[in-house]
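These notes are about the structure you will find just below.
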Amino acid sequence: MKKSRLVIIAFFFLCAVLYLENMAPSFNSDDSPETTLAYCTLGIQHPPGYPLASLIGKIFTLIPLGGVSFRANIAAAALNILAAFVLYLLAALVFGKAIKKRDDGLIQAAALAAAAIFVFSSSAWLQGSIAKGSIYSLNSLLLCAGLYSLFKIGESAKYFYLFALLYGLSMCNHWASMIVIAPAVIYYIVMKRKTLKPGNYWPAALFFMLGLSAYLYVPLRNASNPVYAWGDVRSFKDFLWLVSRAQYSGAEVRHNFADTAALLKFYLKNLFTFEYPWFIAAVVIPGAAALAYFLPAEGGALLMAFIMLVFGVASFATPPPDTQWITKPYLVSANVFAGISGAFIIFYFINYIKRKNTRTVVSFGVLTLMVCSLVFTGRPDYSEYFIGYDYANNLVKSLTPGCVYFAEGDMNVGAALYKTLIDRENFAPVIPVVSLYPWYERRLARNYGRIINVPPPESNTKAYISDMMTWNSGRDFFYSNVFTKDMVNPAEFVPDGIVYGINTGSGKPVISDYYLKLYSWRGIIGDRIRYDEFTRRLVVENYAMAFFNLGDVLRSAGNNRLSALFYEKGLFFYKNHGAYINAGLAYYMSGNLDKALYMWQKAMDDGPDDPSVYCNMAFVYAARKDYPLAGEFIKKALSLDPGNSTAIGLSEAIKKMERPK
């Protein structure tokens, strides 16, 4: 028994060391700045509010270790490792029932393997290293603790009440990914109905409501006018708007069967190519089916919950095109089921080894191999990750004191809120997408009334932005380089680092790359580090856009040589099809046909179905009087777009040039 405990302690100590060693020292480039802000200020996060996470996160921000961002990251790690420990208990309970020939050593190794498959999976480990991930780590913890309690209701009704309490608490976190497992819960209760008495259900309902009561934090905290709150819960209608995630309902309504199929396909692909080594990924689904076969109650409930969770996320999540990776954090808790399923099938076959000593050696040998493989493939080395932190500081460098900054995009908004409400920088971020809500006017006045005059809500966002500028005339105005065209007039925008300056007509705009020379590029240029898709999309691509925007302005002004240089700098960060085309045009207009061909070849490789690229290539070869090759590119363009006027016109021009004089 003593050796068994030492093995468990050693395993989870290893988890803690590896997590701390690879943890980000500051916030990640996602919603982590907002999450950290909510933890520090006991705020109310974006829908559904996440009250339980904010309460727990606040405790971690009081730890006297590092900055507040690092402390919020520790919350994610601690919750993830605790979830893995409870998963170990859950797996040991399930495997003890499923494996008939009792072998405590094998069951312990199998349960630790289940914990390892979860805690060292790529998504769980990454989310366990960043503040935003603490929400998903808490979700996994509540899921494991809830299932463990549910599977022990045969021993005492007290476990039924504990499950009800935990399930109620889980609704106060990421409820959308917990409510979908309700059919699995009902299935198990029906399977074990003889162990419960009719009188057990009313107390369980009361404990469930007690867990739900954590949501009382939202109106109570809102009444004290917190520094940060998404929404203003003054009525039950306001409360429902926040908790029901009504703000996102428009996107979710547009979800269709094709979207669901695409996300399911992405999940399976991600399971093999990102989450796990192939030999672990390959046994997850067979393991889930085998466990349901050998243990119809517990195994059937786990399989049903696994399916419902994955299918639920795939049925409602509506990421923009080519951004299915956004769903990976939502599916972290699905790795709980993957851990149990994968470990079960592997160790079930090991159990056929007859000699106990040999079984034990093989069991812990396989466990060691699995842990090493998982750590090698899944480790997110964020120990030197300052990309999000530097982006926030680079943003501040781009703005002037006392300015108004209109922000769109998760990182632009989160970084601006963090810098002004935690670091107390002197500018006022305005979020156009929520500007029409009355609560937002009150929130702006509360936090930034000392800096700006706050106009009342308007009938449309464009009018509100105009009013904000009128009410604060004399100030500088900036807009994030992510913007909704219907809300703004891009003709007034002047590239200014990673933001746009808004030209109010008071003076001639200055076009410069000055701010880009002041920025910190740690982790992106030079000693580059691995980073996640959110960092690429919300930060690295924004840097690229800053260079592309300068290239566009210079090309419009006729400075094609310098324009091409900025396009190339932007392409270092982000291989963008349109930028390749524009860089080629800039080189073409400056007379560098070889570089133009190189850029258009890159564009062709990236988007072979774009007829404009083939037309551009035809122009180069026509200029070189290589009419047959130019004709081949024209044919390709017309095969993609038979009515392409550029290709048709160029074809006619080449025919005239080919006629003998």
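All of the numbers you see were taken from the coordinates with simple rules; none came from a lab. Here the structure is a predicted model, which means the values were calculated and not measured. Here the Cβ positions follow ideal geometry from the backbone for every residue, glycine too, while neighbour counts run over all protein chains shown.
Computed values, structure above
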quantity: Magnitude of the charge dipole, the chain, Cβ model with Lys/Arg +1 and Asp/Glu -1, debye to 20; calculated: 2000 debye
quantity: DSSP bridge orientation in the chain - percent antiparallel, rounded to nearest 5; calculated: 50 percent
quantity: Taking the chain and dividing mean pair separation by its residue count, relative contact order in percent (alpha carbons under 8 Å, at least six apart); calculated: 14 percent
quantity: Charge-dipole axis of the chain as Lys and Arg at +1 and Asp and Glu at -1 on Cβ define it, positive-most pick from 163, 642, 324; calculated: 163
quantity: Built amide H within the under 5 Å cut-off of residue 406, gap 5+; calculated: 430, 478, 479, 480
quantity: Total charge dipole magnitude, the range 298-404, about the Cα centre, Cβ charges on Lys, Arg, Asp, Glu only, Debye to nearest 20; calculated: 620 debye
quantity: Simple Cβ-charge dipole of the range 321-463, Lys/Arg +1 and Asp/Glu -1, about Cα centre, in debye nearest 20; calculated: 780 debye
quantity: Longest site-free stretch - the chain; sites: GluC sites (Glu not before Pro), DSSP loop, at most 13 other Cβ within 10 Å; calculated: 385-661
quantity: Inter-part distance where the range 372-450 and the range 585-647 are each reduced to a Cα centre, Å; calculated: 42 Å
quantity: Euclidean distance between Cα centres, the range 28-54 to the range 231-247, Å; calculated: 16 Å
quantity: Separation in nanometres of the label points that stand 7 Å from Cα toward Cβ, at residue 323 and residue 625; calculated: 5.1 nm
quantity: Two-site label geometry, residue 294 and residue 593: point separation in nm, points 7 Å out along Cα→Cβ; calculated: 7.1 nm
quantity: CD proxy at 222 nm, helix term only [per DSSP H run n ≥ 4: -39500 (n - 2.57); per residue of the chain; nearest 500]; calculated: -19500 deg cm²/dmol
quantity: Protection-proxy order for peptides 395-401, 71-77, 114-120, 326-332, each taking the mean of Cβ atoms within 10 Å per residue, highest first; calculated: 114-120, 71-77, 326-332, 395-401
